[in-house]
Structures are given as structure tokens and as C-alpha cells.
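Asks: For reference, the structure I am asking about is given below.
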Amino acid sequence: MNTTSEQRAALVEQARLSIKYGSQSFSAASKLFDQETRERAWLLYAWCRRADDIADNQDMGGPLGDQSSAEERLALIRKLTDKALSGEPTGDPAFDALGVVAAECGLTAQMAEDVIEGFALDAQDWRPRSEADMLRYCYHVAGAVGVMMAVVMGVAPDDEDTLDRACDLGLAFQLSNIARDIVEDDAAGRCYLPAEWLVEEDIEPGQHTKPHHREELADMAARLVALVEKHEAAARVGAARLPFRSRWAVLSAARIYGAIGRKVRARGTEAWNSRTYVPRSEKALYGARAFLSAVINRQRHPDGPITWGIKDFRPTSPDPA
């Protein structure tokens, strides 16, 4: 699709509004990018948000709609994504936004498909059996987005090691989300805690959010946050290779999302009595700390060697739980 500067500007503005209302944390972090990277990040986010909304039949991440006809919605996402990546107009600004940023940065159909596979797992009412299954799901819904975002920031599509670390950032984000949203997900009929964890905690099927299991739930949340911190630390290794402003933005987002998980852990059994969030004043503090870390650029590594990468999370058909 040949996009004029005016058409691109309009898509950027719509994308800006999408991220403003869809994710305050990502919106705040994106302001730290240089203008070109910021606009491209918005364009990518717009596609992610719109595809997610179509998949879940919702509006801007709101309550889930009727979940029938999920396969038809997935087919629509794939059709519009394919058209966008082929340079064709799609009639949907968010998918046109993907076409623009993909052409500018070299995003591939495989990268987009990896994200769409996450929607497919939810459409199948899929549940993770093991920790590896849970991480595989986290890859599709967030790690793969981290990979695309890294390419938007200028990482070469064939720089596998840096893209592995970008994947880690997405994994950390999603693991924090899972910890925070356990009860909310259960109300929507979803559970992303591994079945093996539930068995280890001796929790009856479908009973993990009941009040008499809050101690066990807090234990599993702490286990999730330990994984958050492992992948957050690995992500810092990749962030050290980014240009300064991108590095600052990534480190800010990592601190903010890491804080969500750590707040859940600190609240213990009270974590799901109200939604856990990071106040604006704390976000500003994390941004300032990330600025200093980005300037010094001596990132703390995980304990032990990093032996994992995208190849460990990419399989798209885990055994059903």
C-alpha cells in the first residue's frame, strides 16, 4: 500500500489514541522513544490491540463478548493481516498501520503469525498443563510482540540473540499479568496457571480462586513473580544493546511491569481483593531510575547463564491440558 505522508499521519494519530486508552503503562513508556520509533511502536500496538479485540470480541480490552464464532474471527484477523503485509489496503486503520510499520522495519509474516497463535490458543479454550506450556502461551501473546517491538527499535530481524532477550521482556510482562489477573481470568472462564501447579497445591479442579485456597494462590503468584524476575533480568541484557532512548523506554517498562508482579507478591492473600496497579508517581520514579540505568548501562544479569531463547517457546501446538 502506497501511503502518503498525510495518510500515515492519520494512522499514527489513530494509533496514538489506541495506546493512550488501551495501555497507560505502554503509552507512558513509548514517550521515551525518539519520534520515529515512538510512532512505529504506536502503529504496531494498534494492530496488536485491534487483533486482540477481534479475537476476544471486546472493545479496547474490555469485557469479553460472545465467544462463539471464534474461528471466524481468527480467519478475519489472518485475512486482514495478510493483506496488510502484502501492502494492500484493508479498510481497517489498525491493520493498515501494521502494513506501514512492517514495510518500514521489515516485520515478517512469521512474526505476526506467532502473535495470532496466542489468540488461537484462547479460542480453543486451551489450558497449560506444565510450566513450559504456560511459557509457550506467554511467548505467543507477549514474547512475540516483544520480538516485533525490538525490530521496530532497530534490531536486525536476524539478530537472534537480541531478539531472544526481547522475547524475555514480553514473557516477564505476561507473567505479571497472569499473577495480577488470576481471579479476573477465572471469572471469564480462563486459567493460565499450569495444571501441574494446581495439582502440587492440592487444589480441586475449578476451585483455585475460592477463599479457602488464597494461601495456595499466593504461593503460585510468588512462583510466577520469580519467573518474572528471571526473564526481566535476561531482558536487560538485550536492552543494553539498544540505542539510548529505546534502552531507557525498555528499562522503564520492565520496571513498571515488574513492579506489578512484585506488588501482587507483597500483597499475599489480599492481592485479588482489588486490582493491583502502579500509581503514576511510582511510574515516574521508575522512569527516573531507568534513565540512570540506561546512562550507566551496566545491566544486572540473571543468576547463572542464559540458556533459553525463542526456539524454546515457539512450538504452537502444546498438548491440551
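Asks: I need every pair where a residue in the stretch 77-95 that is more than 18 Å from ILE116 (Cα to Cα) and touching a residue at least 60 places away in the same chain (Cβ under 8 Å) has its Cβ under 9 Å from the Cβ of a residue that is surrounded by 15 or more Cβ atoms within 10 Å (Cβ to Cβ) and acidic (Asp, Glu), sequence separation at least 6 or different chains.
Replies: Here the result reads GLU88/ASP82; PRO89/ASP96, each pair linking the stretch 77-95 to a residue that is surrounded by 15 or more Cβ atoms within 10 Å (Cβ to Cβ) and acidic (Asp, Glu).
Asks: Next up: Restricting the search to the stretch 118-135, which residues are assigned to a helix (DSSP H, G or I) and at pLDDT 95 or above?
Replies: The initial filter retains those residues of the stretch 118-135 that are assigned to a helix (DSSP H, G or I), namely 118-123, 131-135.
Of everything in the stretch 118-135, those that are assigned to a helix (DSSP H, G or I) and at pLDDT 95 or above turn out to be GLU131, ALA132, ASP133, MET134, LEU135.
Asks: When the stretch 240-270 is examined, which residues are found to be open to solvent by 20 Å² or more (accessible area, probe 1.4 Å), closer than 22 Å to MET149 by Cα and assigned to a helix (DSSP H, G or I)?
Replies: Once the filter is applied, which keeps residues that are open to solvent by 20 Å² or more (accessible area, probe 1.4 Å), closer than 22 Å to MET149 by Cα and assigned to a helix (DSSP H, G or I), the stretch 240-270 yields PHE244, ARG245, ARG247, TRP248, ARG255, TYR257.
Asks: Determine if the stretch 279-289 includes at least one residue that is farther than 25 Å from GLU184 by Cα and in contact with a Ser or Thr (Cβ under 7 Å, 6 or more places away or on another chain).
Replies: Yes, because at least one residue in the stretch 279-289 is farther than 25 Å from GLU184 by Cα and in contact with a Ser or Thr (Cβ under 7 Å, 6 or more places away or on another chain).
Asks: Show the residue pairs meeting these rules: Cβ distance below 7 Å; 6+ apart or different chains; first residue within the stretch 41-56 and without any contact (Cβ under 8 Å) to a residue 60 or more places away in the chain and under 13 Å from SER23 (Cα atoms); second residue crowded, with 20+ Cβ neighbours inside 10 Å and among the polar types (S, T, N, Q).
Replies: Cβ pairs passing all conditions: TRP42/SER30; TYR45/SER18; ALA46/SER18; ARG49/SER18.
Asks: Right, here's the next one. So, SER130, is that one touching a residue at least 40 places away in the same chain (Cβ under 8 Å), surrounded by 23 or more Cβ atoms within 10 Å (Cβ to Cβ) and polar (S, T, N, Q) or not?
Replies: no
Asks: While we're here: Keeping to the stretch 28-55, report how many residues are closer than 17 Å to ALA144 by Cα and not aromatic (Phe, Trp, Tyr).
Replies: 11
The values are calculated or read from the model by the stated rules, or taken from the named source; none is laboratory data. In this text, all values refer to a predicted model and were calculated from it rather than measured experimentally. FYI the Cβ positions are ideal-geometry reconstructions off the backbone, even for glycines, and counts take in every protein chain you see. Remember, those area values only see protein heavy atoms, side chains included, never the ligands or the DNA or RNA. Shrake-Rupley method; radii C 1.70, N 1.55, O 1.52, S 1.80 Å.
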